Amino acid sequence: TLRIELEGIVLHGYHGVLEHERRDGQRFLVDVELDLADTRAAVTDAIEDAVDYRTVVGLVRTVSDGHAYALLEAFATAVADALLEAFPVTRARVRVRKPDVVLDPPVASAAVVSTVRFRLASPHPTGA
């Protein structure tokens, strides 16, 4: 099994429950783990056979820019779902952090992790 990990994708998004979060936006950090269904790139050493990191980051940005989510839960799950749909992966784990969250007492960040799995079709449709 091969896993791709991208840590700390920095985005400016308009996600949140509070009016100022949706109006002014804020910084989000997104971590992505992808378990690959196709490990051909490890043998061929060819970008054509790989999940290109640039494309992954671009898709995360597209999801963030495409909708203002009230909750981190919805944002993280939307990213995980999009990654599973776009790439040959069996699992997408997405962690979305708000590093500038204002709470009393203060916290370093708030985060939500969404893990979405896709099971490859069984070679035996009856399960036998």
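Structure notes:
- Qualifying residues in the stretch 37-84 (those that are in contact with a His (Cβ under 9 Å, 6 or more places away or on another chain) and not in a loop (DSSP other than H, G, I, E, B)) - the one most open to solvent (accessible area, probe 1.4 Å): Ala74
- Filtered by the rule that a residue be of a type in the set (D, E, K, R) and over 11 Å from the mean Cα position of the chain (by Cα), the stretch 54-69 gives Arg54, Asp65.
- Residue, surrounded by the most Cβ atoms within 10 Å (Cβ to Cβ), within the stretch 86-99, restricted to residues that are over 14 Å from Val57 (Cα atoms) and touching a Phe, Trp or Tyr at 6+ places or on another chain (Cβ under 9 Å): Val89
- When we screen Ile9, Ile4 for residues that are in contact (Cβ under 8 Å) with a residue 24 or more places away in the chain, hydrophobic (A, V, I, L, M, F, W, C) and closer than 18 Å to Arg97 by Cβ, the only hit is Ile9.
- In the stretch 81-110, the residues that are farther than 20 Å from Tyr69 by Cα reach residues that are acidic (Asp, Glu) and in a strand (DSSP E or B) with C-beta atoms within less than 8 angstrom, at least six apart or across chains, in these pairs: Val89/Asp35; Thr90/Asp35; Arg91/Glu33; Arg91/Asp35.
- Of the residues contained in the stretch 27-45, one or more are found to be out of contact with any Gly (no Cβ under 9 Å at 6 or more places or on another chain) and closer than 19 Å to Gly13 by Cβ.
- In the stretch 32-48, residue nearest to the chain's Cα centre (by Cα) [restricted to those that are hydrophobic (A, V, I, L, M, F, W, C) and under 20 Å from Val60 (Cα atoms)]: Val32
- Scanning the stretch 12-36 for residues that are open to solvent by 50 Å² or more (accessible area, probe 1.4 Å) and touching a Lys or Arg at 6+ places or on another chain (Cβ under 7 Å) returns His12, Tyr14.
The values are calculated or read from the model by the stated rules, or taken from the named source; none is laboratory data. This structure is a prediction, so every number in the text was calculated from the model and none was measured. Note that each Cβ is placed from the backbone with ideal geometry, even for glycine, and that neighbours are counted across all protein chains shown. Just the protein is used for accessible areas: all its heavy atoms, side chains included, with ligands, DNA and RNA removed. Shrake-Rupley method; radii C 1.70, N 1.55, O 1.52, S 1.80 Å.
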